[in-house]
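For reference, the structure discussed in these notes is given below.
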Amino acid sequence: MKPKTITLGILGTGQLGRMSALAAAELGIRVHVYGPDKDSPAEHVAAKSYVGSYTDKKKLKAFAQSVDVVSYEFENVPVETARYIQKIKPVYPDDKLLEIAQNRITEKKYLNDVGIPTARWAPIYSPEDIDNAVSDLGCKNYILKTTRFGYDGKGQTVHRSSDSSKRSFNKLGSDELILEEMVDFKCEISVIIARDKWGKSAIYGPVANVHKNHILHTSTTPAKIDPKIAAKAKRTAKKLADAVGLIGVLGLEMFVTKEGTILANEIAPRTHNSGHWTIDACSVSQFEQHVRTVCGLPVGDPTPHSAAVMTNLIGNDVNKVKEFYETKGACIHLYGKSETRNGRKMGHITVIKPLKKPK
Ligand code: AMP
């Protein structure tokens, strides 16, 4: 008798898809990937790759028919694409979470509606809206962001209450923006949560994140924060995952304020850069959880066996990899990208150490 094999389809062909495909291979699950680029990080390790646009229904149909279930590895897959595929094969996480996470206004509104606090914010469609929001919110400094397609600090500008609202509005070249209070945070943290079809979840973190030029630089775990704040951050991610009925993995980025309040900043409806350390410091990584949950398998144990510091290799940082070949506890991950570009995530290094026993 032939054993039943599962084939997972992943929309998107970047490093997150690559690491999910590698985790899938270890579970005997095949992965077919779909994306617009040839010679991509995920294509190098997938059983099959489809190169096509996210609007090419003929190719999308062939891809969907070749797999048992579909997921995605980046949040800008058009919602219409997910809905089209959903008519052919199940898609996890579903289109609802994808839609919420794609627009910073729907994202912040959803978080607040389910009782998760965020920085104060207002939707902006004109320079006058900025003036009105500044007088309503009464903060000194703000961040003005495009509502869609912003990542790694792209599509953002600082707006001071004394700045010209017209100039700030025109700077971002979009007619739908969000104005957020600039949070004077103590630290940035994130929690990664996996949730299976039975509603059982596995939680990683919180992880302490440091950004350089708006791009994640390091993630450290365990994060040196008050255990009460850590427990609250986990509860916040669980509340969100339960509210959206998550099947899959999501990352929740949060600010810890100087007063000890947690404010949610961003939802990633997928595996998250701040969870890469889980490959080397846990018996079940966030990527394995992703594959398990979307393929209808139960979540695994997320308990870390080691402490970890993950450092991204951005652009030419990739040349520093040589320094780590002989470093104790260093786990090297390169994404096989054919071109090094400024600001491009080329790989990461996770250095693991034994966990300190609690006193
Ligand atoms: P985002 O694209 O929203 O994840 O923002 C990228 C980075 O910009 C965050 O990780 C923070 O370091 C910073 N940032 C974004 N929004 C705010 C905010 N409201 N207050 C302070 N810093 C922010």
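Structure above, values below:
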| item | result |
| --- | --- |
| Residues of region 145-182 satisfying the condition of being more than 9 Å from the ligand (Cβ to nearest atom) and among the polar types (S, T, N, Q) | Thr146, Thr147, Thr157, Ser161, Ser162, Ser164, Ser165, Ser168, Asn170, Ser174 |
| Per-region count, region 312-355, residues within 22 Å of Ile203 (Cα to Cα) and either free of Cβ contacts under 8 Å to residues at least 24 places away in the same chain or open to solvent by 40 Å² or more (accessible area, probe 1.4 Å) (or both) | 4 |
| Filter result for the condition that a residue is closer than 27 Å to Tyr110 by Cα and buried (at least 24 other Cβ atoms within 10 Å of the Cβ), over Leu263, Leu246 | Leu246 |
| Enumeration of residues in region 248-270 that are more than 16 Å from the ligand (Cβ to nearest atom) and within 14 Å of the chain's Cα centre (by Cα) | Gly248, Val249 |
| Total residues in region 190-228, condition within 14 Å of the chain's Cα centre (by Cα) and of a type in the set (Ser, Thr, Tyr) | 3 |
| Subset of region 5-30 [under 12 Å from Val69 (Cβ atoms), among the aliphatic types (A, V, I, L, M) and surrounded by fewer than 24 Cβ atoms within 10 Å (Cβ to Cβ)] | Ile6, Ile29 |
| Inter-residue pairs, beta-carbon under 8 Å, first among the basic types (Lys, Arg) and in region 6-30, second in a helix (DSSP H, G or I), 6+ apart | Arg18/His44; Arg18/Val45; Arg30/Ala24 |
| Residues located in region 159-184, provided they are assigned to a strand (DSSP E or B) and either open to solvent by less than 60 Å² (accessible area, probe 1.4 Å) or at pLDDT 95 or above (or both) | His159, Leu177, Ile178, Leu179, Glu180, Glu181 |
| Residue among Asn112, Asn103 that alone is without any contact (Cβ under 8 Å) to a residue 40 or more places away in the chain, more than 9 Å from the ligand (Cβ to nearest atom) and either in contact with a Lys or Arg (Cβ under 6 Å, 6 or more places away or on another chain) or not assigned by TED's automatic domain parsing to the domain that holds Leu250 (or both) | Asn112 |
| Matching residues, region 187-224, being assigned to a loop (DSSP other than H, G, I, E, B) and more than 16 Å from Ala307 (Cα to Cα) | Asp196, Lys197, Trp198, Gly199, Lys200, Asn213, His214 |
| Condition check for Ile189: within 11 Å of the ligand (Cβ to nearest atom), closer than 21 Å to Gly155 by Cα and not aromatic (Phe, Trp, Tyr) | no |
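Listed here are the residues, each with its yes/no results for (1) surrounded by fewer than 21 Cβ atoms within 10 Å (Cβ to Cβ); (2) among the aromatic types (Phe, Trp, Tyr); (3) near the ligand (Cβ under 10 Å from one of its atoms); (4) assigned by TED's automatic domain parsing to the domain that holds Leu263.
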{"residue": "Lys140", "(1), (2), (3), (4)": "yes, no, no, no"}
{"residue": "Lys200", "(1), (2), (3), (4)": "yes, no, no, yes"}
{"residue": "Gly205", "(1), (2), (3), (4)": "no, no, no, yes"}
{"residue": "Ala208", "(1), (2), (3), (4)": "yes, no, no, yes"}
{"residue": "His217", "(1), (2), (3), (4)": "yes, no, no, yes"}
{"residue": "Pro227", "(1), (2), (3), (4)": "yes, no, no, yes"}
{"residue": "Ala237", "(1), (2), (3), (4)": "no, no, no, yes"}
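The values are calculated or read from the model by the stated rules, or taken from the named source; none is laboratory data. This is a predicted model, so every value here is computed, not measured. Because the Cβ atoms are built from the backbone with ideal geometry, glycine has one as well, and the counts that use them run over all protein chains shown. Heads up: the accessible areas ignore ligands, DNA and RNA and are worked out on the full protein's heavy atoms, side chains in. Shrake-Rupley method; radii C 1.70, N 1.55, O 1.52, S 1.80 Å.
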